[in-house]
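Contents: one structure, followed by commentary.
The values are calculated or read from the model by the stated rules, or taken from the named source; none is laboratory data. In this text, all values refer to a predicted model and were calculated from it rather than measured experimentally. Don't worry about glycine lacking a Cβ; one is built from the backbone with ideal geometry, like all the others, and counts go over all protein chains shown. Heavy atoms of the whole protein, side chains included, go into the accessibility calculation; ligands, DNA and RNA do not. Shrake-Rupley method; radii C 1.70, N 1.55, O 1.52, S 1.80 Å.
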Amino acid sequence: SSAGEQSMKCRLEENLRSVLIADKVPLYSGFAKVTNCGGVGQCGTCIVKITEGLENLSARSVVADQTFKGKPAEARLACQCLVTGDVSLVANG
């Protein structure tokens, strides 16, 4: 695996934000580390870019669709994703 890559396991339909935080992936940067909404989809700071396995995440939520209006489907809010298979991503933090 490349530098900076890590692999983690999760339960089927586990929340992506929860998985990343449990594995200490730097999901937030700057003030968002302390001011994020705690995973309810309101702050828009847990942004990830899905590089592989987009089909293995739940559909983009209405909240995320509003946040990412006009942006590619690969841009997701980790707190609004349920994992159903293998996914590769780049975290914002």
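Atom-type composition of the exposed protein surface of the chain places 51 percent of the accessible area on carbon and sulfur (1.4 angstrom probe).
Under 5 Å between amide hydrogens, built in the peptide plane, is the criterion, and for GLY53 it picks out SER88 among residues at least 5 positions away or on other chains.
Which distance in Å, rounded to a whole number, links the C-alpha centroids of region 7-39 and region 65-82? Computed from Cα coordinates, the inter-centre distance equals 15 Å. The label point for VAL40 and the one for VAL62, both projected 7 Å from the Cα toward the Cβ, are 1.7 nm apart. Go through the chain and flag any cysteine with no other cysteine's C-beta closer than 4.7 Å, please. Here CYS10, CYS46, CYS79, CYS81 come out as lacking a disulfide-compatible partner, given the Cβ-Cβ threshold of under 4.7 Å. Summing Cβ point charges (Lys, Arg +1; Asp, Glu -1) relative to the Cα centre of region 1-49 gives a dipole of roughly 80 debye.
Of all the options ARG11, ARG60, ARG76, the one that moves most in a Gaussian network model of the chain with Cα springs shorter than 10 angstrom is ARG11.
Can you tell me, using C-alpha contacts under 8 Å and at least 6 residues apart, the relative contact order of the chain as a whole percent? Once normalised by length, the contact order is 41 percent. Computed over the alpha-carbon atoms, the chain gives an Rg to Rh ratio of 0.93, Rh here being the Kirkwood radius from the mean inverse distance.
Between SER29 and GLU5, the contour length at 0.36 nm per residue exceeds the alpha carbon distance by 6.8 nm. Solvent-accessible surface of the chain, averaged per residue with a 1.4 angstrom probe and all protein chains in place: 64 square angstrom.
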